């Protein structure tokens with residue numbers, strides 16, 4: 001390809017994007033855009049952040065507390081999901097409500113402090129928000145504009161301050177905004193990114209915005225104090241006043257020097273999004289512009305002014321967001337200025353005041369926050385801080401999603417990731433975070449049920465609403481109703497559930513270490529469990545390992561055995577299913593016949609015999625036969641049957657128009673008992689089949705298998721690969737471990 005032609009093509013595309021984005025405007029051109037969409041061009045930083053979150057939309061997702069709103073921005077769809085925030089819908093919702101409150105208060109008047117244990121996704125939440133702002137600012141609806149001052153070269157003409165009158169056609173307002181670079185002597189940007197509306201006098205500005213918003217039919221728009229009452233920064237005010245005096249009060253002549261420039265939020269280039277690490281310095285300062293040689297390019301009427309250019313994180317973040325990472329690791333003296341700045345939006349410097357419009361977000365771990373609450377200064381900060389709790393996750397499936405996203409084949413040296421490798425890590429991590437329930441906080445009818453919950457039972461309840469198999473259907477129903485209260489049980493406590501335990505950061509290290517285990521060809525759950533056992537030996541390193549066990553809770557070493565038992569149950573079911581002794585269709589058929597019989601029994605109706613065609617009463621013996629397998633011990637048959645039909649009816653109401661009823665999804669516990677019962681009766685056959693699989697995978701014994709047995713084994717391995725993701729290596733590891741633990 002010809003280099004010149006290639007560069008011309010790229011240049012054409014860049015110019016097209018520049019023009020399409022309307023990156024450089026005169027003040028008159030910007031006003032035209034404002035008149036077309038006043039509410040979009042008159043937003044404060046809080047309104048802008050709120051609109052950015054809304055831009056990406058939201059979904060209702062199921063959680064332990066029912067349906068909750070999840071904002072798609074935190075899924076980072078613009079980055080292909082990389083770096084997404086798993087869970088934390090409550091923190092997302094709290095942040096969204098606080099921004100809404102800032103809009104109603106007409107000012108971001110508080111510091112938002114995300115607090116939680118180390119590694120609980122506080123920084124990930126802010127990172128996702130910043131990244132969303134960067135993407136939104138590049139959309140047409142997210143356009144942001146700032147002002148620059150342009151002073152043309154002397155050769156354009158002589159005038160009262162060195163410039164001639166350059167009127168446009170038909171007497172329209174002339175502008176220096178679009179001059180070629182060689183025709184410009186000086187271009188002075190506004191470091192605070194002053195809003196173009198600040199060039200409209202205050203009284204006119206409020207009427208202008210409110211009239212435009214009403215004209216657009218917006219009744220919910222709130223005009224912020226920053227837009228309504230804001231003024232040009234100290235430097236811009238000096239230049240404005242100097243030009244106005246030089247032009248004898250001719251406002252339109254002053255506006256010729258205004259260039260309105262579109263800017264984009266960028267953390268990399270420190271524009272509208274800034275992260276401040278712990279440090280011992282004030283976050284803003286200034287330098288004298290007129291002491292610089294470039295001041296010689298200014299017109300004589302401005303050269304006698306003392307122009308100061310502010311700089312620093314607070315300046316760069318104006319009209320966007322600033323994050324104070326680990327704020328409370330600083331000495332209190334270094335952030336006392338935030339007391340006034342958060343409330344008023346004003347930061348006093350030695351020679352002038354900075355008027356700011358930015359959302360301030362900070363992060364802190366619980367230890368530093370607890371220490372700060374004891375400090376004398378906390379009383380002053382308390383009214384100026386919005387606390388948002390970000391605990392460790394307590395849903396194993398959501399925790400697993402973190403590892404599934406970040407633990408890839410490439411990240412573990414090309415090893416195959418065996419099924420359940422991330423699952424066992426997530427189970428153990430969540431178990432370390434759960435606390436023993438407090439039954440006295442719950443209604444009398446469920447206190448005993450809550451008190452008897454084991455850690456694994458509580459985990460399952462939070463994860464998918466699965467009640468313990470030992471409960472009757474009525475007890476299970478009552479316990480499921482109590483899930484929201486159980487999940488929120490410790491919200492008001494400083495030692496809330498999720499404040500201690502293994503962090504996702506530590507678990508990822510465990511998984512990556514397990515991938516280096518030379519004893520396994522794949523990254524297997526067995527390697528992960530082995531690595532967790534090693535971690536449990538470092539009691540002096542991890543605080544959660546030092547806690548006293550309480551009724552089976554807070555017992556990390558014991559949880560390893562619980563997780564291994566859960567893993568064995570899972571692979572046992574998968575391997576049995578892969579052997580094809582009975583299909584899911586067969587289970588569904590048996591259960592469907594039972595439901596039909598029970599339905600007629602509840603209604604007191606006869607049903608038609610499919611063979612004889614005669615109408616008969618439901619076969620009690622057949623119903624009892626299946627109930628002896630699936631019904632919890634101690635539950636009466638009548639209530640069990642009626643509850644089953646009610647559950648089917650409720651599913652039909654929730655799924656109108658659906659065809660076949662998905663019994664396995666409605667009654668997962670009953671189907672699991674059916675499978676276990678069937679395979680228990682065929683344990684000898686299963687043991688022999690699993691031994692054949694191991695012989696086949698040993699290769700040196702493969703030829704000793706009979707052709708029929710060999711076909712069965714190959715079919716089983718194919719199903720394990722296609723349905724569950726096993727390769728031959730991790731299938732061998734799983735079956736060998738299962739045989740040793742369960743079938744020896």
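The values are calculated or read from the model by the stated rules, or taken from the named source; none is laboratory data. What you see is a predicted model; the values in this text were computed from it and never measured. Reconstructed Cβ throughout: ideal geometry from the backbone, glycine too, with neighbour counts over all protein chains shown.
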Single condition residue 484 does not satisfy, out of (1) touching a strand residue (DSSP E or B) at 6+ places or on another chain (Cβ under 7 Å); (2) surrounded by 14 or more Cβ atoms within 10 Å (Cβ to Cβ): (2)
Can you spot a residue in the stretch 336-350 that is within 23 Å of residue 105 (Cα to Cα), part of a loop (DSSP other than H, G, I, E, B) and under 28 Å from the mean Cα position of the chain (by Cα)? no
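Touching a helix residue (DSSP H, G or I) at 6+ places or on another chain (Cβ under 9 Å) and surrounded by fewer than 16 Cβ atoms within 10 Å (Cβ to Cβ): which single residue out of 605, 585 fits that description?
605 is the lone residue from the list that is touching a helix residue (DSSP H, G or I) at 6+ places or on another chain (Cβ under 9 Å) and surrounded by fewer than 16 Cβ atoms within 10 Å (Cβ to Cβ).
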For the stretch 521-560, which positions are assigned to a loop (DSSP other than H, G, I, E, B) and in contact with a strand residue (DSSP E or B) (Cβ under 8 Å, 6 or more places away or on another chain)? 522
Taking the stretch 408-457, which residues are crowded, with 20+ Cβ neighbours inside 10 Å, in a helix (DSSP H, G or I) and in contact with a strand residue (DSSP E or B) (Cβ under 7 Å, 6 or more places away or on another chain)? 421, 455
Go over the candidates 600, 677, 655 one by one and state the one that is free of Cβ contacts under 8 Å to residues at least 12 places away in the same chain, assigned by TED's automatic domain parsing to the domain that holds residue 732 and at negative phi. 655
Counting only residues that are under 16 Å from residue 330 (Cα atoms) and not in a strand (DSSP E or B), which one in the stretch 353-367 is nearest to the chain's Cα centre (by Cα)? 366
Screening 597, 565 for residues that are closer than 27 Å to residue 662 by Cβ and in a helix (DSSP H, G or I) leaves only 597
Among the residues of the stretch 458-466, is there at least one that is in the same structural domain as residue 497 (by TED's automatic domain parsing), farther than 19 Å from residue 488 by Cβ and either in contact with a strand residue (DSSP E or B) (Cβ under 6 Å, 6 or more places away or on another chain) or surrounded by 19 or more Cβ atoms within 10 Å (Cβ to Cβ) (or both)? no
Given (1) surrounded by 16 or more Cβ atoms within 10 Å (Cβ to Cβ); (2) modelled with pLDDT of 90 or more, identify the lone condition not met by residue 39. (2)
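From the list 518, 556, pick out the single residue that is out of contact with any helix residue (DSSP H, G or I) (no Cβ under 9 Å at 6 or more places or on another chain) and either crowded, with 21+ Cβ neighbours inside 10 Å or under 30 Å from residue 732 (Cβ atoms) (or both).
Working: 556 fails: out of contact with any helix residue (DSSP H, G or I) (no Cβ under 9 Å at 6 or more places or on another chain).
None of the others qualify; the one that does is 518.
Table: residues versus (1) crowded, with 20+ Cβ neighbours inside 10 Å; (2) part of a loop (DSSP other than H, G, I, E, B); (3) at pLDDT below 95; (4) out of contact with any helix residue (DSSP H, G or I) (no Cβ under 8 Å at 6 or more places or on another chain).
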residue: 95; (1), (2), (3), (4): yes, no, no, no
residue: 108; (1), (2), (3), (4): yes, yes, yes, no
residue: 119; (1), (2), (3), (4): no, yes, yes, no
residue: 124; (1), (2), (3), (4): yes, no, yes, yes
residue: 145; (1), (2), (3), (4): yes, no, no, no
residue: 149; (1), (2), (3), (4): yes, no, yes, no
residue: 155; (1), (2), (3), (4): no, no, yes, no
residue: 158; (1), (2), (3), (4): no, yes, yes, yes
residue: 161; (1), (2), (3), (4): no, yes, yes, no
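Looking at 532, 571, 511, 575, can you tell me which residue is surrounded by 21 or more Cβ atoms within 10 Å (Cβ to Cβ), farther than 18 Å from residue 463 by Cα and within 23 Å of the chain's Cα centre (by Cα)?
Details: 532 fails: within 23 Å of the chain's Cα centre (by Cα); 571 fails: within 23 Å of the chain's Cα centre (by Cα); 575 fails: within 23 Å of the chain's Cα centre (by Cα).
One residue alone meets the criteria, 511.
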Conditions first: (1) under 20 Å from residue 120 (Cα atoms); (2) touching a residue at least 60 places away in the same chain (Cβ under 8 Å); (3) surrounded by fewer than 16 Cβ atoms within 10 Å (Cβ to Cβ); (4) touching a strand residue (DSSP E or B) at 6+ places or on another chain (Cβ under 9 Å). Residue 370 passes all but one, so which condition is the exception? (4)
Pull up the stretch 375-399, narrow it to residues that are assigned to a loop (DSSP other than H, G, I, E, B) and either touching a helix residue (DSSP H, G or I) at 6+ places or on another chain (Cβ under 6 Å) or in the same structural domain as residue 495 (by TED's automatic domain parsing) (or both), then point me to the one that is nearest to residue 335 (Cα to Cα). 377
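Does the stretch 459-471 contain at least one residue that is outside any loop (DSSP other than H, G, I, E, B) and modelled with pLDDT under 90? So that I can check it myself, show each step before the final result.
Applying the first criterion (outside any loop (DSSP other than H, G, I, E, B)) to the stretch 459-471 yields 459-464.
If we keep only those that are modelled with pLDDT under 90 as well, we get 464.
The answer is yes; a qualifying residue exists.
Just to confirm my filter: which helices (runs of 4 or more DSSP H) fall fully inside the stretch 629-744 and include at least 2 residues that are surrounded by fewer than 16 Cβ atoms within 10 Å (Cβ to Cβ) and more than 37 Å from the chain's Cα centre (by Cα)?
Numbers: elements: 637-654, 663-666, 668-681, 683-697, 707-719, 728-738.
Output list reads 637-654, 668-681, 683-697, 707-719.
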Do we find that residue 212 is surrounded by 14 or more Cβ atoms within 10 Å (Cβ to Cβ), more than 20 Å from residue 29 (Cβ to Cβ) and at pLDDT below 90 in this structure? no
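For the stretch 223-270, how many residues meet the condition of being within 23 Å of residue 177 (Cα to Cα) and either over 46 Å from the mean Cα position of the chain (by Cα) or surrounded by 17 or more Cβ atoms within 10 Å (Cβ to Cβ) (or both)? Spell out how you get there, then give the answer.
Keep residues of the stretch 223-270 that are within 23 Å of residue 177 (Cα to Cα), which gives 231-265.
Remaining after also requiring either over 46 Å from the mean Cα position of the chain (by Cα) or surrounded by 17 or more Cβ atoms within 10 Å (Cβ to Cβ) (or both): 232-236, 238-265.
Residues meeting the conditions: 33.
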With the first residue restricted to the stretch 320-339 and required to be at pLDDT below 85, and the second required to be part of a helix (DSSP H, G or I), Cβ contacts under 6 Å at 6 or more apart or on different chains are 339/380
Among the candidates 57, 80, which residue alone is surrounded by fewer than 17 Cβ atoms within 10 Å (Cβ to Cβ) and in contact with a strand residue (DSSP E or B) (Cβ under 9 Å, 6 or more places away or on another chain)? 57
